[in-house]
1. Scan the range 104-130 for residues that are within 13 Å of ALA78 (Cβ to Cβ) and either hydroxyl-bearing (Ser, Thr, Tyr) or crowded, with 17+ Cβ neighbours inside 10 Å (or both) and jot them down.
2. Between ILE101, ILE90, which is surrounded by 17 or more Cβ atoms within 10 Å (Cβ to Cβ) and modelled with pLDDT of 90 or more?
3. So which residues in the range 152-165 are within 18 Å of LEU60 (Cα to Cα) and modelled with pLDDT of 90 or more, if there are any at all?
4. Name the residue, out of ALA127, ALA50, ALA105, that is of a type in the set (Gly, Ala, Ser), under 22 Å from GLY198 (Cα atoms) and either within 14 Å of the chain's Cα centre (by Cα) or outside any strand (DSSP E or B) (or both).
5. Please enumerate the residues belonging to the range 53-81 that are over 16 Å from LEU194 (Cβ atoms), in a loop (DSSP other than H, G, I, E, B) and of a type in the set (Gly, Ala, Ser).
6. Yes or no: the range 169-178 includes at least one residue that is at pLDDT 90 or above, surrounded by fewer than 20 Cβ atoms within 10 Å (Cβ to Cβ) and more than 24 Å from the chain's Cα centre (by Cα).
7. Identify all residues within the range 145-159 that are of a type in the set (Gly, Ala, Ser) and surrounded by 15 or more Cβ atoms within 10 Å (Cβ to Cβ); write none if there are none.
8. Exactly one of these conditions fails for ARG88: (1) touching a residue at least 12 places away in the same chain (Cβ under 8 Å); (2) under 22 Å from GLN49 (Cβ atoms); (3) of a type in the set (Lys, Arg). Give me its number.
Amino acid sequence: MTDYHAFIHNVTSQLQHALFEAQLVWVISAVLLAFSLWLLRPWFQRWRQAARLRARVASLGKAVMRNVSLENGVEGVAFMDWLVLTHREILVVTMQRGRGIVFGADKTDSWARVVGRRTTRFPNPLAANQERVAAVKFHAPGVAVRGIVLFEEGASFPKGQPEGVLLPSQITDEAAGCADQEIPAPLQAAWEHLGELGAHGEQAYGRDMQALRGGASHGREIAALILMTLSLAVAGWGGWLLLYKTLP
């Protein structure tokens, strides 16, 4: 009986020691996983915001084309975030990123954004949007085309919102009454023609914008994926350690 009790005590001691070591390893794994998720938090926020925005833009009309590139008629290419078909016109929607208090007017060359104590200036987005409108009119003459610059959530215009600018909260008013309206035949034909021209839109748009912007930085996402992989490896090592220390 003494040997039996000693054996049980020895096994229990080894199990407790192995479990302690495994738990310590798993805590390290959990910390790595939590840190990787923290690194991905901005990506998740951007993804959720983009999903909400896509749904709101889709509510503007009967059909939507996203990430379209079209020749502008002057030996160049215009890149469009969205084209939206309504019962009255084709909307050219340009996404303008950046939260904060925005100051700008139709005819000014540059606008200002204030976030806290920091002020940044950026080119008037209405001018670039009108170039995109002209490119659509070049391929769809005879139909109404209108441009909209859509600012992301968190932007505001305390000194007045220029015509042609839209905030996400205003999309419902813009889209009111469109759902039950019929699309005129010339407008539908122009839309289908644009669809044929922009069939390669998403691939060409992504490739061309990547070249223009020089590529986006994904350092946080890469670091998060590395940490997730390391976390899984550490967790697996903890399980192996537990088995190694307890099995005869």
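The values are calculated or read from the model by the stated rules, or taken from the named source; none is laboratory data. Note that the coordinates shown come from a computational prediction; the quantities given were computed from them, not determined experimentally. Counting neighbours? That spans all protein chains shown, and the Cβs are built from the backbone with ideal geometry, glycine included.
1. ASN129
2. Values: ILE101 fails: surrounded by 17 or more Cβ atoms within 10 Å (Cβ to Cβ).
Just one listed residue meets the conditions, ILE90.
3. Filtering the range 152-165 for residues within 18 Å of LEU60 (Cα to Cα) gives 152-153, 163-165.
Hits for the range 152-165 are GLU163, GLY164, VAL165.
4. Working: ALA127 fails: under 22 Å from GLY198 (Cα atoms); ALA105 fails: under 22 Å from GLY198 (Cα atoms).
Checking each option against the conditions leaves just ALA50.
5. Hits for the range 53-81 are SER59, GLY76.
6. Within the range 169-178, the subset at pLDDT 90 or above is none.
No - not one qualifying residue is present in the range 169-178.
7. Let us first name the residues in the range 145-159 that are of a type in the set (Gly, Ala, Ser), namely 147, 154-156.
Matches in the range 145-159: GLY147, ALA155.
8. (2)
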